[in-house]
Amino acid sequence: YKTLGFIGLGVMGEPMCNNLVRKSGLPVHIFDMNADAVGRVAANGGKAEASAADVGAKADVVFLSLPSIDQVEPVARALAGGARKPAMIVDMSTSDVARSRALAAELKARGVAFVDAPVARTAEAALKGTLLISVGGSVAQYEELKPLLSCMGSDVLHCGDTGCGQVVKILNNMMVFMTVNALSEVLTIGRRAGMDGERLFELLAGGSADSFALRNHGMKSLVKDSFPEKVFPMVYAIKDASLALSLAKAGSFQPKIASYTYNLMCQAHDAGIVNNYHPAIVQLVDGRITPKQDVKP
Ligand code: NAD
């Protein structure tokens, strides 16, 4: 591949694209509806384009970091619509599995490969190039993409065929949301039983209840009541949880813990937690904010 493209220069995409420009040594054609973001990445060496179609006309491999499949579908179709098409589109957004697989089949018929490579970890990891990237596609596609994805992530893992990268990413996040919900309950019970929250989590981290979510979401956010904006906001967390429920439904399975957690997240959103970091759900769990209606599993 001689030329690259990147569309979607948001909280994650901008630092990811900057790393790709810096480390790949290849020209990277860029587009976002937000001209300011395009300007910033262009100042770092990205090649500004006026539309997705223009990126498609110049790049061999195009990376997407868009809000959801609702944006991925039209952008991918615009990329594949011109006389000169990219050979491959790599969706790094967190996207619906069934719609990703359908889009991959549609694009394949038009001669364009579509690979899913959603990212886990934080905006800081995007900046440092230490994301965890879950790839869904053939082994050959994974091997081809690995050097480019390694510009953005420190762990680039092959999960299985098309869509499997999304399955792993979506279930990782659902597991985190359910754990954050459980940690919120444990923290509330512990505090009301006379324990200092920080000490409780410190002690739990030394025992069999230890987990990544306890050490990070629990110790850095929940006990400190620190829920900044622009760090995985509740609105995106709800999108990801709904993707997990769609996945369960497609497999004719009605999950109880995931459904309860999803409902609770929607209640928190209704109560005003929209752009804050998603562990702010503890405020609903411990009764500081009130749900508008009963939450049923
Ligand atoms: P964001 O909203 O900050 O960025 C999305 C970007 O896409 C924006 O710059 C927007 O202008 C652009 N965009 C939207 N529609 C477009 C279109 N039609 N054409 C061109 N540009 C368009 O979102 P983000 O936080 O960077 O997240 C991107 C993806 O990564 C999401 O799928 C999210 O679920 C996932 N993700 C986010 C995080 C996080 O911590 N923020 C972590 C892991 C994964």
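The values are calculated or read from the model by the stated rules, or taken from the named source; none is laboratory data. Everything numeric here is computed off the predicted structure, so don't read it as measured data. Every residue, glycine among them, receives a Cβ derived from its backbone with ideal geometry; neighbour counts consider all protein chains shown. Only protein heavy atoms, including side chains, enter the accessible area calculation; ligands, DNA and RNA are left aside. Shrake-Rupley method; radii C 1.70, N 1.55, O 1.52, S 1.80 Å.
Observations, loosely collected:
- Residue within the range 234-250 that is β-branched (Val, Ile, Thr), within 16 Å of the ligand (Cβ to nearest atom) and in a loop (DSSP other than H, G, I, E, B) present: no
- Among the residues listed as 180, 135, the single one being modelled with pLDDT of 95 or more, in the same structural domain as residue 234 (by TED's automatic domain parsing) and open to solvent by less than 10 Å² (accessible area, probe 1.4 Å): 180
- Odd one out for residue 17, checked against (1) within 10 Å of the ligand (Cβ to nearest atom); (2) under 23 Å from residue 229 (Cβ atoms); (3) touching a residue at least 40 places away in the same chain (Cβ under 8 Å): (1)
- Exactly one residue among 37, 50, 102 is farther than 22 Å from residue 146 by Cα and either surrounded by 24 or more Cβ atoms within 10 Å (Cβ to Cβ) or away from the ligand (no atom under 15 Å from the Cβ) (or both), and that residue is 102.
- Candidates are the residues of the range 53-67 that are within 11 Å of the ligand (Cβ to nearest atom) and open to solvent by less than 20 Å² (accessible area, probe 1.4 Å); the one that is farthest from the chain's Cα centre (by Cα) is 55.
- Residue, most open to solvent (accessible area, probe 1.4 Å), within the range 110-132, restricted to residues that are away from the ligand (no atom under 13 Å from the Cβ) and over 30 Å from residue 83 (Cβ atoms): 128
- Selection of the range 20-32 for residues being surrounded by 14 or more Cβ atoms within 10 Å (Cβ to Cβ) and not in a helix (DSSP H, G or I) yields 26, 27, 28, 29, 30, 31, 32.
- Listed by position, the strands (runs of 3 or more DSSP E) inside the range 51-151 whose residues that are of a type in the set (Asp, Glu) number at least 1 are 88-91, 113-116.
- Meets criteria (in a helix (DSSP H, G or I) and either farther than 23 Å from residue 147 by Cα or not basic (Lys, Arg) (or both)) for residue 9: no
- Taken as a whole, the condition of being surrounded by 20 or more Cβ atoms within 10 Å (Cβ to Cβ), under 23 Å from residue 286 (Cβ atoms) and either of a type outside the set (A, V, I, L, M) or without any contact (Cβ under 8 Å) to a residue 40 or more places away in the chain (or both) does not apply to residue 212.
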